[in-house]
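Bear in mind that the values in this text are calculations on the coordinates, not laboratory data. Please read all numbers here as calculations on a predicted model, not as lab measurements. Heads up, the Cβs are rebuilt from the backbone with ideal geometry, glycines too, and the neighbour counts pull from every protein chain shown.
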Amino acid sequence: MKTQVRPGPSSVLTINRDSIYLVTDRAGEVHAHAELGLFCRDTRFISHYEFLINGKKWLPVQAIPLNAYANRIYFTSPALESHDEEPFPPDALGFQVERIIEDGLRERLVLYNYTRRARRVRLRIRIDSDFCDLFDLRAHRYISRGARDSYWDSDRHELTICYRNRDFQRQLIYRLINSSGEPHFSNGQILLQIDLPAGGAWRSDNHFRFDVGNMFPGTDSDEPQLATRGEHPIRRWVEQATQVTTTDSGCDSAYRQAVEDIGGLRIRQHQVSSDLWVPAAGVPWFVTLFGRDSLVVSYQSMMVSTALAVGTLTKLAEFQATQDDPYRDAEPGKIMHEIRYGELAYFHRIPHTPYYGTADATIFYLILLSELFRWTGDRKLLEQFRAPAEACLNWIDHYGDRDGDGFQEYKTRSPAGYYNQSWKDAGDAIMYPDGSLVSLPIATCELQGYAYDARLRMAEAFEIMGDAARADRLRRQAADLRARFADKFWLPDHRYVALCLDGDKQAVSTVASNPGHCLWSGILDREHAEAVAKRMFEPDMWTGWGIRTLSADNPAYNPLEYQRGSVWPHDNGIIAHGLHRYGYRDLANRVTQAIFDAAASFELFRLPELFAGFPRDHDPWPVQYRSANVPQAWASASIFHLIRGFLGINPDVPSGKIYIDPALPDSIENLTMENFSIADAELKIKFERRGGKTNFEILEYKGKLKIEAGRPPWFGDQ
């Protein structure tokens with residue numbers, strides 16, 4: 001008899017909106033020497049927060065996520081002493097805390113008296129702010145570099161905590177609104193004496209506001225904005241997104257959660273307009289604009305909305321480097337990696353103002369622009385982004401290729417720069433077969449695939465824009481790169497693609513997931529693609545929950561490390577697309593099913609940034625990486641990417657066509673897409689699997705695009 005086993009909930013509660021997010025333990029509390037707090041723009045505004053009742057801690061009962069930006073926590077009371085009355089038995093009092101990120105953070109406290117007599121209780125709120133920079137917190141440096149002062153306004157029931165380090169200033173304002181009783185503040189604690197009628201309740205609406213240089217200060221309003229109130233941009237995003245329903249409830253739940261999570265990661269600060277915006281990379285560590293992440297997420301999300309791509313291309317063009325700056329690893333034309341707004345960035349103690357240490361974002365900018373054009377057919381977009389695209393191509397030729405050998409390689413020039421600058425950017429992510437660190441500069445295999453794909457895509461774009469000579473030159477560059485890649489990166493003795501070329505231009509035979517991206521880009525010939533596809537499903541790479549980042553046979557392998565044996569959903573989504581591209585549909589759907597099964601095992605069907613690389617036959621559930629971002633944008637959007645992969649949807653709007661070549665996984669008998677738009681076309685499509693073959697039927701259609709069953713021409717004979 002088989003029993004479904006689900007892991008317990010995450011050890012933390014997270015809600016987020018824009019640049020504000022709250023991370024607490026399961027009891028809703030914040031403690032200073034932990035990766036918890038209320039954050040805004042890379043500063044921790046609350047470092048300690050807890051409630052005591054008559055000097056004792058509340059007993060948590062249940063925590064309920066209401067949506068991406070709100071939650072509710074229920075408590076009961078322990079046995080309590082009383083100075084002037086008979087003691088309270090256990091469970092005599094109930095306590096409910098509801099929080100929503102809206103104009104700062106809103107919090108409603110409700111205290112219930114379940115006894116049949118009036119009682120007097122003392123509620124204590126412990127609160128503190130260390131204004132710790134996020135980079136200090138991640139390094140477990142729980143420090144304040146400046147001076148702090150606290151002020152209590154007894155008339156307004158308002159606590160203000162101010163922080164100053166020279167001209168860097170931050171301020172937290174915490175106010176109790178509509179609270180009966182007279183609160184007092186002393187020694188970091190707000191004390192309330194509350195008279196509860198028999199069977200009655202007490203309520204307080206609390207408001208946390210920030211002053212971060214006049215950014216997101218919050219509105220000082222007495223009107224509470226709780227989770228059930230008002231219209232919200234996330235709701236609009238969810239309503240406008242493509243709807244997917246299937247016979248697999250787990251797939252449906254994962255899809256709906258992913259749509260909500262991407263909407264919840266929207267950064268208002270970096271939005272272009274109400275409809276064109278960019279998601280943050282993830283909570284709690286990456287709540288800011290990232291180059292690589294936003295580009296990949298926008299690509300993954302094309303099936304749901306093309307607006308993300310327009311917002312991302314627009315915003316990243318604004319930050320595109322125009323000068324050479326070694327400290328920030330910037331060169332003309334390069335797309336940024338990450339921007340920060342905390343104290344360390346303000347004083348240039350870190351180079352994230354922004355930092356440009358990414359070797360693939362500039363290439364991926366071109367891939368996304370091409371994909372957007374295929375989905376929209378809008379030539380105005382090509383012209384709008386032509387200048388940044390030209391600058392990207394120039395960077396690829398003159399800076400991405402550091403030594404003129406035709407390959408893309410990276411090496412930081414900054415004393416504070418990242419050693420590795422591919423998507424696997426942990427300092428120990430790229431290893432030799434003996435487990436030692438690969439020497440710089442490094443040319444990873446997937447970077448070459450991206451460059452190959454980008455050149456072919458931009459050749460299409462320049463041809464459409466009337467520059468046939470440029471298009472021809474790009475195609476020749478791509479063909480030359482593909483030939484030299486096969487010569488230099490293919491390892492015949494290993495029947496696999498080299499992870500990279502090291503600083504001495506020697507091929508590194510380490511077995512890792514990177515060659516799977518070469519399937520996606522199409523740089524591999526048929527023979528090499530088949531070998532790569534099969535190799536990734538050997539036991540040292542395949543966990544049953546997905547493909548590992550690094551072979552379990554490598555001495556550096558650790559299933560709990562960030563990129564040395566863990567499983568990344570977005571990595572697997574890209575590999576699955578590559579498998580579909582080369583016709584390995586069954587293998588692609590093995591990956592898809594594994595990631596969907598993992599999602600069904602996590603709380604809320606929400607994929608974390610990564611999870612451990614333990615084999616599935618050893619562990620009945622996936623084990624989440626301890627410090628994973630949840631939600632993480634490209635983990636969430638990998639659900640969209642995987643679905644698009646097995647549906648085989650590839651628009652070619654400039655040619656007036658939509659190609660559809662579906663292959664549903666075994667767990668899904670049928671799937672329906674509604675509210676689905678491609679350019680001016682609106683579609684409702686039903687997919688059904690019968691006898692190992694998937695058919696599709698157009699249920700509703702408005703538009704002039706021709707729908708063709710089959711693969712797009714750019715897949716070639718792969």
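Data table
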{"read-out": "Within the chain, longest stretch clear of exposed GluC sites (Glu not before Pro) (DSSP loop, no more than 16 other Cβ within 10 Å)", "value": "232-668"}
{"read-out": "Distant-in-sequence amide H partners of residue 543 (H built 1.01 Å from N, under 5 Å)", "value": "548"}
{"read-out": "Burial ordering of 641, 83, fewest other beta-carbon atoms within 10 Å first", "value": "83, 641"}
{"read-out": "Whole-number percent relative contact order across the chain, with pairs defined as alpha carbons under 8 Å at least 6 apart", "value": "10 percent"}
{"read-out": "Angle in degrees between helix 307-319 and the longest Cα principal axis of the chain, rounded to the nearest 10", "value": "90 degrees"}
{"read-out": "Acute angle (nearest 10 degrees) that the helix 569-581 long axis makes with the longest principal axis of the chain, alpha-carbon atoms", "value": "30 degrees"}
{"read-out": "Residue 709/residue 66 FRET efficiency (R0 25 Å; Cβ-Cβ; nearest 0.05)", "value": "0.05"}
{"read-out": "Too-long pairs where the Cα-Cα distance tops 29 Å, listed order kept, from 534/704; 424/684; 380/704; 334/488; 334/424; 657/686", "value": "534/704; 424/684"}
{"read-out": "Cα-Cα separations in the range 66-155 greater than 15 Å, expressed as whole percent", "value": "75 percent"}
{"read-out": "Loop-located chymotrypsin sites (Phe, Trp or Tyr not before Pro) in the range 515-610 whose Cβ has at most 10 other Cβ within 10 Å (DSSP)", "value": "none"}
{"read-out": "Whole-number Å³ per residue for the convex hull built on Cα positions in the chain", "value": "168 Å³"}
{"read-out": "Value at 222 nm in deg cm²/dmol, rounded to 500, when DSSP H runs of n ≥ 4 in the chain each add -39,500 (n - 2.57)", "value": "-8500 deg cm²/dmol"}
{"read-out": "Zone residues, the range 51-93, relative to residue 195, backbone N less than 16 Å from point 7 Å out along Cα-to-Cβ", "value": "84-85"}
{"read-out": "Set of aspartates and glutamates with alpha-carbon distance to residue 693 below 12 Å, sequence-local pairs under 8 removed", "value": "586, 661, 666, 669"}
{"read-out": "Normalised convex hull volume, the range 1-139, alpha-carbon set, Å³ per residue", "value": "161 Å³"}
{"read-out": "Ellipsoid equivalent to the range 18-230 - semi-axes via the Cα gyration tensor, in Å", "value": "30, 18, 17"}
{"read-out": "Semi-axes of the equivalent ellipsoid for the range 595-718, Cα gyration tensor, largest first, Å", "value": "32, 17, 14"}
{"read-out": "The range 234-654, Cα convex hull volume normalised per residue, Å³", "value": "132 Å³"}
{"read-out": "For the range 396-538, the fraction of alpha-carbon pairs in successive 5 Å shells from zero, as %", "value": "2, 10, 19, 22, 19, 14, 8, 5, 2, 0, 0"}
{"read-out": "Proxy reagent accessibility, fewest Cβ within 10 Å first, across 108, 141", "value": "141, 108"}
{"read-out": "0 to 90° range, to nearest 10: angle between helix 468-489 axis and the chain longest Cα axis", "value": "90 degrees"}
